[in-house]
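**Student:** Take a look at the following structure, please.
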Amino acid sequence: KKIKFALVNVESPTKEEIAELQKKYGLHILVAEELLQPTIRPKADFYENLVYLILHFPVYNIKKRTSVSKEVDFVLGRNFIITAGYDPAAPLNEFFKIVQADSSLKEKCLGKTGGLTLFFILKQLYGFSLREIDHIQAKIEKIEENIFKNKEKETVRQISFIKRDILDFNRIIKPHEMVLKSLEKNETEKIFGKKFTPYLNDIVGEYFKVRQLIENHKEVIDTLYTTNESLLSTKTNEVIKNLTIMAFLTFPLMLLSSIFGMNTRYLPFVGKKGDFWLIIAIMASTTLAMLFVFKKKKWL
């Protein structure tokens, strides 16, 4: 069967590899230069006979405990797609492993149109992003469980890490919307044909699935953070209240002990039989009276 379409993948391409691709597929000189090294910002550049896309996908880094950016470049032509990754752990590698293992998917990607191939690649990459969110979901469930197990202090640090992870994930994935809108506005159907439009719509739909899920997690973790802070604040207020009550209870005792400890010629009760126990009884009565007042006012 004649293959009408070429799919080429390069990892951290060298000058020699780029020169060969440039000669074979007629790449624009600016595209060839940008393929040599990673780019910070995602974008979509449109040339006469090809489209150059740069997208970044979030990948969780265990050591940093947050999502880091992995770049994937696409050079889209009428009869070819060139993909480039700059990191062995890039999510693009997973797609090509699946293609090699699944002959039917390989036939779909290589046997028809570039639009369909781009659709399968991006669908797989956004599926990878959805799976990357799973660890956030698992941690949120664990945090929710710990919050109501009186582990508020330990949970504060965990929430901080997840909030940073969600922030980084959102920062990496959000610019995709701008790039996908550029594809719609600049009529990529001139390269892939009118049949590409429904595929592009599906790609946009996959992207918004990822965005919606990470936004949902953001709302949940913000709510859990507020709940955790409320519980911590309640516990702190309870401790302060108890300490305040203890201070008020000990105040009359200290006052009475100071009075009866004064070095004066005359002190009531002092020197009489049972004076010690009488003073203790006065102190105890005062304490019990204050406890009664606190109880009546529902401070205890």
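The values are calculated or read from the model by the stated rules, or taken from the named source; none is laboratory data. The structure displayed is predicted, hence computed values, not measured ones. Glycine also receives a Cβ, built like all others from the backbone with ideal geometry; neighbour counts cover every protein chain displayed. For accessibility, only protein heavy atoms count, side chains too; no ligands or nucleic acids. Shrake-Rupley method; radii C 1.70, N 1.55, O 1.52, S 1.80 Å.
**Student:** In contact (Cβ under 8 Å) with a residue 12 or more places away in the chain, surrounded by 15 or more Cβ atoms within 10 Å (Cβ to Cβ) and either over 57 Å from the mean Cα position of the chain (by Cα) or closer than 29 Å to Leu130 by Cα (or both), is that true of Glu215?
**Tutor:** So Glu215 fails the test.
**Student:** Which of the following residues is among the hydrophobic types (A, V, I, L, M, F, W, C) and closer than 16 Å to Leu118 by Cβ: Val59, Val72?
**Tutor:** Selected residue: Val72, the only one of Val59, Val72 that is among the hydrophobic types (A, V, I, L, M, F, W, C) and closer than 16 Å to Leu118 by Cβ.
**Student:** Any idea which of (1) open to solvent by less than 50 Å² (accessible area, probe 1.4 Å); (2) in a loop (DSSP other than H, G, I, E, B) is the one Lys272 doesn't satisfy?
**Tutor:** Failed condition: (1).
**Student:** Follow-up. Quick one: Val10 ticks every box in (1) part of a strand (DSSP E or B); (2) buried (at least 19 other Cβ atoms within 10 Å of the Cβ); (3) in contact (Cβ under 8 Å) with a residue 60 or more places away in the chain; (4) more than 27 Å from the chain's Cα centre (by Cα) bar one, so which box is it?
**Tutor:** So Val10 meets the others, but not (2).
**Student:** Might you let me know whether region 246-256 holds any residue that is closer than 29 Å to Thr155 by Cβ and free of Cβ contacts under 8 Å to residues at least 60 places away in the same chain?
**Tutor:** Within region 246-256 (the criterion being closer than 29 Å to Thr155 by Cβ and free of Cβ contacts under 8 Å to residues at least 60 places away in the same chain), the answer is yes, since at least one residue qualifies.
**Student:** Also, quick follow-up: Could you list all residues from region 145-195 that are more than 18 Å from the chain's Cα centre (by Cα), more than 22 Å from Leu76 (Cα to Cα) and open to solvent by 30 Å² or more (accessible area, probe 1.4 Å)?
**Tutor:** Glu145, Phe148, Lys149, Asn150, Lys151, Lys153, Glu154
**Student:** When region 33-89 is examined, which residues are found to be outside any strand (DSSP E or B), open to solvent by 50 Å² or more (accessible area, probe 1.4 Å), touching a residue at least 24 places away in the same chain (Cβ under 8 Å) and over 25 Å from Asp168 (Cβ atoms)?
**Tutor:** Asn49, Arg78, Asn79
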